[in-house]
Amino acid sequence: MEFGLVGKPNVGKSTFFAAATLVDAEIASYPFTTIDANRGVTYVRSPCPHTELGKQCNPVNSKCDDGTRMIPVQAIDVAGLVAGAHKGRGRGNQFLDDLRQASVLVHVVDASGETDGEGNLVGVGAHDPREDVGFLEDEIAYWIKGILDRGWDKVSKQIELTHNRTEIALQERLAGLGVTQGDMHQVLNGLGLPEKVSKWTPDQLMELSREVRKVSKPILIAANKADKAPPEMLQSLMDLDDEMVIPTSAECELALRRADKAGLIDYHPGEADFEIKDPSALSGAQTKGLESIRTCMANMGGTGVQKVIEKAVFDMLDSIVVYPVEDETHWASKKGHLLPDAYLVRRGATARDLAYVIHSEFGEKFIRAVNARTRRVVGADYELQENDIVKIVWGG
């Protein structure tokens, strides 16, 4: 599972990425600081079932922080996007190609309005950030339409001549973007396009592309630099229809995570405050900076960065956490490691789906599964529930 950080240049994408992953990324106040995509790992939080047993877990593919399991998620920070990217302007072609396998997009918007459409600094309040929301969604839709347009006359006629199912044919063209048959079925059912595919107009293809984007690349808006934003400008973003918008300060989050890593403070991402470990160890400037961040967090209820990540994964993608084990009695691996692995799957996923996530051979040779909490044997089509603990039985 991967989420992509998108947006125009100089809005704080790389700062957000560095804050979320603690991977060093070049950060500067000029457009196109990011040229090649940065990749890293961040985490989402979920209550760890080990507390039910009163024993400490032994995580392998994740971490556990005092009863909170931290499940890894891949993150990618791509080059800044400008209007006309789908035609190759700026780093457009590379940008869009980098996003092919992202399951969800986090659009980092400069809520303070201090950067223009090209990412140049123009002063707080000088640019309406609502314009940035529409242009990015348009660019991605145009990109999808560009893929459909290639040889469309030939493809549409072939669909009709061979009586091929439209949703299958279109999904195959867009499979490289992670579009599923389920996505395409949902889109076509909702649009009510003419039965004869060759009669679809360019406007209808564009409408199709917009809907494909919505189901295959959902977007959450991180209203970044919210601590600097004029209140009415931030509110205008929050009031956008059909958009999930979360105020953030990536700069504050990055400072907190670095201070925590340096041992200066005790900070758990997602919380609304932090603890200074030894005030006497801080310089006057450090103390002043941390207190300024604390004020910002009090006003915003935190920095918003962890909230964005978890909203993207749990709400936009409707994901749940499940724990595969080999010993269903003790919730452990064969070596006795308690709850070693935690996986994210989409709600509605089955026991067989989980088997494939663990290893393709497990899925192909699936025999049955066991719900470790109830000790009941379940079949391949058993629908997984939040925090399920499951043993997969497979064999040749």
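Residues in segment 271-313 that are of a type in the set (Gly, Ala, Ser) and not in a helix (DSSP H, G or I) were compared, and the one that is nearest to the chain's Cα centre (by Cα) is Gly304.
Condition check ((1) within 25 Å of Ala75 (Cα to Cα); (2) at pLDDT below 90; (3) out of contact with any Cys (no Cβ under 7 Å at 6 or more places or on another chain); (4) of a type outside the set (A, V, I, L, M, F, W, C)) across all residues:
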position	(1), (2), (3), (4)
Gln101	yes, yes, yes, yes
Val109	yes, no, yes, no
Asp116	no, no, yes, yes
Asp132	yes, no, yes, yes
Leu148	no, no, yes, no
Met184	no, no, yes, no
Thr201	no, no, yes, yes
Arg210	yes, no, yes, yes
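Each residue in segment 382-396 was checked for being under 18 Å from Tyr343 (Cβ atoms), free of Cβ contacts under 8 Å to residues at least 60 places away in the same chain and in a loop (DSSP other than H, G, I, E, B), and 1 of them qualify. Candidates are the residues of segment 155-185 that are in contact (Cβ under 8 Å) with a residue 60 or more places away in the chain and in a helix (DSSP H, G or I); the one that is nearest to Ser209 (Cα to Cα) is Leu177. Among (1) over 21 Å from the mean Cα position of the chain (by Cα); (2) closer than 30 Å to Ala19 by Cβ, there is one condition Val104 misses while meeting the rest; what is its number? The one condition Val104 does not meet is (1).
Residue-by-condition table, conditions (1) assigned by TED's automatic domain parsing to the domain that holds Leu53; (2) in contact (Cβ under 8 Å) with a residue 24 or more places away in the chain; (3) within 21 Å of Ile71 (Cβ to Cβ); (4) surrounded by 20 or more Cβ atoms within 10 Å (Cβ to Cβ):
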| residue | (1), (2), (3), (4) |
| --- | --- |
| Glu326 | no, yes, yes, no |
| Gly348 | no, yes, yes, no |
| Ala351 | no, yes, yes, yes |
| Val357 | no, no, yes, no |
| Glu361 | no, yes, no, no |
| Ala372 | no, yes, yes, yes |
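Restricting Pro269, Pro340 to residues that are outside the structural domain of Thr51 (by TED's automatic domain parsing) and buried (at least 18 other Cβ atoms within 10 Å of the Cβ) narrows the list to Pro340. Scanning segment 219-242 for residues being in a loop (DSSP other than H, G, I, E, B) and surrounded by 17 or more Cβ atoms within 10 Å (Cβ to Cβ) gives a total of 5. Annotation note: Cβ proximity below 6 Å between a residue of segment 125-154 that is surrounded by fewer than 19 Cβ atoms within 10 Å (Cβ to Cβ) and a residue that is among the aliphatic types (A, V, I, L, M) (sequence gap 6+ or interchain) occurs for Phe135/Ala83.
The values are calculated or read from the model by the stated rules, or taken from the named source; none is laboratory data. It should be emphasised that the depicted structure is a prediction, and the values quoted were computed from it without experimental measurement. Quick reminder, even Gly has a Cβ in these numbers, built from the backbone with ideal geometry, and neighbours come from all protein chains shown.
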